[in-house]
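A.B. asks: One structure coming up, written as structure tokens, with questions to follow.
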Amino acid sequence: MSVGHVARALEEAKIATVIVAVKSFEARMRMMSLPRVLLTPQLMGRPIGGPFDEKLQVKIIKAAIQLLETADRNGIVQDYH
């Protein structure tokens, strides 16, 4: 939940955020009404992939940046594809 508080503080300072979280936290992320969330099917504690899986990590980070660039409103929760 502290990630949500930090995201809100950054957003109030006009710094856009995207939270990358594992899919198992979807209900909690939706309850928190966060600006932008990217959900991944990864293991808990590894939302952008496992150690040394650079290709997957880059893909997820690019998806998060794309969400940041294309979001047209707050409250978006998007699945990583």
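None of the figures in this text is laboratory data; all of them are computed from the coordinates on show. Remember, predicted model here, so these are calculated numbers, not experimental data.
A.B. asks: How large is ³J(HN,Hα) for each residue in region 74-81, as worked out from phi by the Karplus curve 6.51 cos²θ - 1.76 cosθ + 1.60 (θ = phi - 60°), to whole Hz, x for Gly and Pro?
C.D. replies: Going residue by residue, I get 7, x, 7, 10, 10, 7, 6, 10 Hz, with x marking Gly and Pro.
A.B. asks: Hey, what angle do you get for helix 2-12 against the long axis of the chain, alpha-carbon based, 0 to 90 degrees rounded to 10?
C.D. replies: 50 degrees
A.B. asks: Moving on. How large is ³J(HN,Hα), in whole Hz, for each residue of region 64-72 in order, when computed from phi with the Karplus curve 6.51 cos²θ - 1.76 cosθ + 1.60 and θ = phi - 60°, using x for Gly and Pro?
C.D. replies: Each residue of region 64-72 in turn: 5, 5, 4, 4, 4, 6, 9, 4, 9 Hz.
A.B. asks: I'd like the Karplus ³J(HN,Hα) series for region 39-47: coefficients 6.51, -1.76, 1.60, θ = phi - 60°, whole numbers in Hz, and an x wherever there's a Gly or Pro.
C.D. replies: 9, 10, x, 7, 6, 4, x, 9, x
A.B. asks: Among (1) 0.95; (2) 1.04; (3) 1.48, only one was calculated for this model; which label is it, if the read-out is Rg/Rh (Cα atoms, Kirkwood Rh)?
C.D. replies: Comparing each candidate, only (1) matches the computed number.
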